[in-house]
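Just below is one structure, and these are the notes that go with it.
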Amino acid sequence: MTCLRLLLLALVLPALQSCDEDVAEVTRPNIVFIMSDDHAYQAVSAYGTGLNHTPNIDRIAEEGALFTRSYVTNSICAPSRAVMLTGKYSHINGKVDNINPFDWDQDNFAKSLQASGYQTALVGKIHLDGLPQGFDYSNVLPGQGQYYSPVFIENGIKKTIPGYITQVTTDIVLDWLDTKRDKEKPFLMLYHQKAPHRTWMPEEKYLGLFDTVQIDPPANFFDDYEGRPAAAGQEMSIYKDIDVVYDLKMLDKEEELQTRYRKAFQGRYDRMTEEQKAAWDAYYDPIIEDFKSTKREGEELALWKFNRYIRDYLSTIQSVDDGVGQVLDYLKENDLEENTIVVYTSDQGFYLGEHGWFDKRFMYEESFRMPLLVKYPKEIKPGTVVDELVQNLDFAPTFLDYAGVDIPEEIQGESFKDLVNGKVDEWREAIYYAYYEYPGEHRVNRHYGVGTDRYKLMHFYYDLDYWELYDLEKDPTEMNNIYDDAAYAEVQQEMHKKLEELRVQYGDSDEANEESLNRYLKAKNLTR
Ligand code: SGN
Ligand code: CA
């Protein structure tokens, strides 16, 4: 906050006579930034897909704003979080994949808020090794974390906590808000859920929640990937790659279903208490029996797998939604509602059967796009809808802007504070994307690209050199690659131009790709 603004404040609040930090604390907003892991916008009922019901998450948009075009810069967990913290692209902050380490010594927005007098806390999944910097309190998961009896690292000290991860995470957040923070200071709380990440293990009380409904897969579930070699080469197909024991919980007591990851799932099951196991078995055992005794093949088996997958995935979200409700209620009951910004988002999008897939990584719409709901009763009108293109790159500058802290020059994102209130005349028309983690799990090739509200251009490279272009208005599910289609020659040229401009603007290049590729191959002990 500038001194001039503080002086103006001092005029209206005569009790405050100085230009020091204390004055600012009166009005600076608190920030609760809720991020879940792999939560597809298709599974937030505020987006109207009708798949499930998330009344508490929806409340944020009802009382504030719903963003219809919020995108990630690199659709994978740890890089997404590094971008969120630094406001810089992966090739600048250095965290381009889940493999190489993150440099906590660099600036992040929590450090800036902390230096300006905020109390800062980080709870849950962060997926960046090392003691988090910029936080007065951290209580985070090692790596991916576990659904049952999770391990947390509280200010550097490891502890196993009984219970189900989503509720445990919420309890830690509520406890910090209620008993641990300095109530004289504004606060930043990063409340980061593990759910609904693979292997989609529901809380006992929600086992079977979606069993009364038959969920149809998306229309392109049986995609043949024609004209899209990278899409054809992935390993994230619900039909061919999902593991029936590990992912779909067919852990039969007779041990007849011996799949690749059975042992890993046994380890997860063994973390449950006897009571939890009893509830789990009562639900899954009859399904296992049916699976073993009914012969399903081809399309029928694919649909059966899709239904098992989607039901577990959606059930884990119900616990996330409960947690959001508990935190919103806490803010309300403690007179914190008016002056607190609440954000709900995910670290990337996710496929819920589109193109036949689970997982993410591609720049295709479902994993590129994320849910984003923001409320701040003091400034944002209830029911606001924002259709402009925003990215996770924008979180850091937006929070600094709301807190009245100077936004460092090197930050590459833009604050969307004024955009939400309709006070911005010009906004970006194109966004840049880059994905790196290949060769790796799920085999999604390295690619980069540019998106506008209507078109998308992507370039797959490394062991491919292949361009794709989509007209999202005519082909929203991206089934028809129109690159080199004469009817789109002008659009193609225009999109190439935009891509080059953005690569220059953000300092990305083939050389930077080469450099990060070499680091990646070295870390994985691979040769080209
Ligand atoms: C794990 C998952 C993958 C997932 C990555 C990245 N496998 O490795 O399916 O793509 O995380 O996800 S699992 O067998 O360990 O569940 S991310 O969200 O952390 O980037
Ligand atoms: Ca994720």
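Does GLU409 meet the test of being part of a loop (DSSP other than H, G, I, E, B), in contact with a strand residue (DSSP E or B) (Cβ under 9 Å, 6 or more places away or on another chain) and in the same structural domain as ILE341 (by TED's automatic domain parsing)? So that I can check it myself, show each step before the final result.
On the way: part of a loop (DSSP other than H, G, I, E, B): yes; in contact with a strand residue (DSSP E or B) (Cβ under 9 Å, 6 or more places away or on another chain): no; in the same structural domain as ILE341 (by TED's automatic domain parsing): yes.
In short, no.
Can you go through ASP508, ASP475 and tell me which one is open to solvent by less than 30 Å² (accessible area, probe 1.4 Å), more than 30 Å from PRO218 (Cα to Cα) and modelled with pLDDT of 95 or more? Give the derivation first.
On the way: ASP475 fails: more than 30 Å from PRO218 (Cα to Cα).
Among ASP508, ASP475, only ASP508 is open to solvent by less than 30 Å² (accessible area, probe 1.4 Å), more than 30 Å from PRO218 (Cα to Cα) and modelled with pLDDT of 95 or more.
Taking LEU464 as the residue in question, decide whether it is among the aliphatic types (A, V, I, L, M), surrounded by 20 or more Cβ atoms within 10 Å (Cβ to Cβ) and modelled with pLDDT of 95 or more.
Working: among the aliphatic types (A, V, I, L, M): yes; surrounded by 20 or more Cβ atoms within 10 Å (Cβ to Cβ): no; modelled with pLDDT of 95 or more: yes.
Criteria not met by LEU464.
Of all the residues that make up region 302-326, how many are of a type in the set (A, V, I, L, M), over 24 Å from VAL83 (Cβ atoms) and either without any contact (Cβ under 8 Å) to a residue 12 or more places away in the chain or open to solvent by less than 10 Å² (accessible area, probe 1.4 Å) (or both)? If you could, list the steps in order and put the result at the bottom.
In the first step, residues of region 302-326 are kept if they are of a type in the set (A, V, I, L, M); the result is 302-303, 310, 314, 317, 320, 324.
The next check asks that each one be over 24 Å from VAL83 (Cβ atoms); those that pass are 302-303, 310, 314.
This time we only want the ones that are either without any contact (Cβ under 8 Å) to a residue 12 or more places away in the chain or open to solvent by less than 10 Å² (accessible area, probe 1.4 Å) (or both), so: 302, 310, 314.
Adding up the residues that qualify gives 3.
Considering only region 441-452, state which residues are buried (at least 18 other Cβ atoms within 10 Å of the Cβ) and within 16 Å of ligand 2 (Cβ to nearest atom).
Across region 441-452, the qualifying residues are HIS442, VAL444.
Restricting the first residue to region 130-149 and requiring it to be within 18 Å of THR160 (Cα to Cα), which pairs with a second residue that is basic (Lys, Arg) and open to solvent by less than 20 Å² (accessible area, probe 1.4 Å) meet a Cβ separation below 6 Å and a spacing of at least six or different chains?
Hits for this filter: LEU141/LYS125; GLY145/LYS125; GLY145/LYS194.
Considering LYS194, LYS183, LYS125, LYS111, which residue is without any contact (Cβ under 8 Å) to a residue 40 or more places away in the chain, more than 18 Å from LEU400 (Cβ to Cβ) and among the basic types (Lys, Arg)? Before the answer, list the steps.
On the way: LYS194 fails: without any contact (Cβ under 8 Å) to a residue 40 or more places away in the chain; LYS125 fails: without any contact (Cβ under 8 Å) to a residue 40 or more places away in the chain; LYS111 fails: more than 18 Å from LEU400 (Cβ to Cβ).
Of the residues listed, the single one that is without any contact (Cβ under 8 Å) to a residue 40 or more places away in the chain, more than 18 Å from LEU400 (Cβ to Cβ) and among the basic types (Lys, Arg) is LYS183.
Mind checking which pairs have a first residue in region 232-253 that is among the charged types (D, E, K, R) and a second that is at pLDDT 95 or above and within 16 Å of ligand 2 (Cβ to nearest atom), Cβ under 6 Å, 6 or more apart or different chains?
As it stands, the answer is GLU235/HIS442; ASP247/THR199, since those pairs meet every condition given.
Taking region 42-86, which residues are more than 16 Å from ligand 2 (Cβ to nearest atom), within 18 Å of LEU393 (Cα to Cα) and in contact with a helix residue (DSSP H, G or I) (Cβ under 6 Å, 6 or more places away or on another chain)?
LEU66, THR86
Can you tell me which residue among ARG198, ARG181 is within 16 Å of ligand 2 (Cβ to nearest atom), open to solvent by 10 Å² or more (accessible area, probe 1.4 Å) and either within 19 Å of GLY356 (Cβ to Cβ) or not small (Gly, Ala, Ser) (or both)?
Details: ARG181 fails: within 16 Å of ligand 2 (Cβ to nearest atom).
Answer to the selection: ARG198.
Counting just the residues of region 83-132 that are within 16 Å of ligand 1 (Cβ to nearest atom) and β-branched (Val, Ile, Thr), which one comes out farthest from the chain's Cα centre (by Cα)?
The selected residue is ILE99.
For residues that are touching a Gly at 6+ places or on another chain (Cβ under 9 Å) and not hydroxyl-bearing (Ser, Thr, Tyr), scanning just region 147-167, find the one that is most open to solvent (accessible area, probe 1.4 Å).
Per the criteria, the residue is GLN167.
For region 344-362, name all the residues that are closer than 15 Å to TYR313 by Cα, within 14 Å of ligand 1 (Cβ to nearest atom) and of a type in the set (A, V, I, L, M, F, W, C).
If the condition is that a residue be closer than 15 Å to TYR313 by Cα, within 14 Å of ligand 1 (Cβ to nearest atom) and of a type in the set (A, V, I, L, M, F, W, C), then PHE350, TRP357, PHE358 are the ones that fit.
Out of everything in region 328-380 that is surrounded by 21 or more Cβ atoms within 10 Å (Cβ to Cβ) and in a helix (DSSP H, G or I), what residue ends up being farthest from ligand 2 (Cβ to nearest atom)?
LEU328
Does ASN56 fit the bill of being part of a helix (DSSP H, G or I) and away from ligand 1 (no atom under 15 Å from the Cβ)? Spell out how you get there, then give the answer.
Values: part of a helix (DSSP H, G or I): yes; away from ligand 1 (no atom under 15 Å from the Cβ): yes.
The answer is yes for ASN56.
Report, by residue number, each residue of region 68-82 that is within 12 Å of ligand 1 (Cβ to nearest atom) and either surrounded by fewer than 24 Cβ atoms within 10 Å (Cβ to Cβ) or not small (Gly, Ala, Ser) (or both). Steps first, answer last, please.
To start, the set of residues in region 68-82 that are within 12 Å of ligand 1 (Cβ to nearest atom) comprises 72, 74-82.
Answer for region 68-82, where residues must be within 12 Å of ligand 1 (Cβ to nearest atom) and either surrounded by fewer than 24 Cβ atoms within 10 Å (Cβ to Cβ) or not small (Gly, Ala, Ser) (or both): VAL72, ASN74, ILE76, CYS77, PRO79, ARG81.
The values are calculated or read from the model by the stated rules, or taken from the named source; none is laboratory data. Since we're looking at a predicted model, the values are computed, not measured. Positions of Cβ are backbone-derived with ideal geometry, glycine not excepted, and every protein chain shown enters the neighbour counts. Note: areas computed on protein heavy atoms with side chains; ligands, DNA, RNA excluded. Shrake-Rupley method; radii C 1.70, N 1.55, O 1.52, S 1.80 Å.
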